[in-house]
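The numbers here are math on the coordinates, done by the rules we state, and not lab data. Because the structure is a prediction, the values reported are computed rather than measured. Heads up, the Cβs are rebuilt from the backbone with ideal geometry, glycines too, and the neighbour counts pull from every protein chain shown.
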Amino acid sequence: MSPATAVAAAAAKPRPLTSRAFEVAMAPVPVHVTQMRQFTAAFMRLWAVPVPLAEDVLVVVSELVTNAIKHGHGAVGLRVRCYDGELLLEVSDDNPSPAQLRAAADDDVCGRGLFLVAVLSRDWGVGNDGRTTWAAFHNQLERPCWAPST
């Protein structure tokens, strides 16, 4: 086999599937909600996530990060992973009290964030230690988010 043939054969092989992810941690300051949403939006564009799904993910980032800032302790972490047809979002802080879905009264000005998370995501929950709240989304892409752009 000549070197040119070997290069052509190697180039013809499909790339292995790998996950894509990013993670960031910030001080619990309200302005960081905007920054975490901006980071996530940039990765959604990079991964070619369809706009309707990306918009849902951004609302959930806003809700979960806001909850971590308002009710958590210490730094707020955001991790987003895209793999196996699923996009997984995790927000963590140092408060072991788990986030809980509650019913807001008609005249309440807050208290609907986790309801929005439940409606917009495929599934959501809290990690065993109570410090991480997660939301999962079906990757509704024609091609997985780890596929190379054409």
Checklist outcome for this item: Net charge near ALA21 (other residues with Cβ under 14 Å of its Cβ; Lys, Arg +1; Asp, Glu -1) is -1
Next on the checklist: Just to check I understand the Karplus step: with θ = phi - 60° and J = 6.51 cos²θ - 1.76 cosθ + 1.60, what whole-Hz values come out for the range 28-40, glycine and proline as x?
Outcome noted: x, 10, x, 5, 6, 4, 4, 5, 5, 5, 5, 4, 5
Item to check | Calculated from backbone phi, Karplus (6.51, -1.76, 1.60) coupling profile of the range 80-86 in Hz, x at Gly/Pro | outcome: 10, 10, 10, 6, 6, x, 9
Checklist entry - Calculated FRET efficiency, ARG45 and ALA105, Cβ-Cβ r, R0 35 Å, to nearest 0.05? => result 0.40
Checklist entry - What is the sum of charges around ALA136, taking Lys and Arg as +1, Asp and Glu as -1, for the other residues whose C-beta is under 14 Å from the C-beta of ALA136? => result -2
Next on the checklist: Expected output is a single nm value to one decimal: the length gained when fully extending between GLU23 and ASN128, i.e. 0.36 nm times separation in residues minus the C-alpha distance. What is it?
Outcome noted: 35.8 nm
Checklist entry - Residues with beta-carbon under 13 Å from that of MET36, excluding MET36: net charge, scoring Lys, Arg +1 and Asp, Glu -1? => result -2
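Could I get the Rg over Rh figure for the range 41-142? Both from C-alpha atoms, Rh via Kirkwood, rounded to two places.
Ratio of gyration radius to Kirkwood radius for the range 41-142: 0.97.
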Checklist entry - Each label point is 7 Å from the Cα along the Cα-to-Cβ direction; what then is the distance between the points at ALA136 and HIS73, in nm? => result 3.0 nm
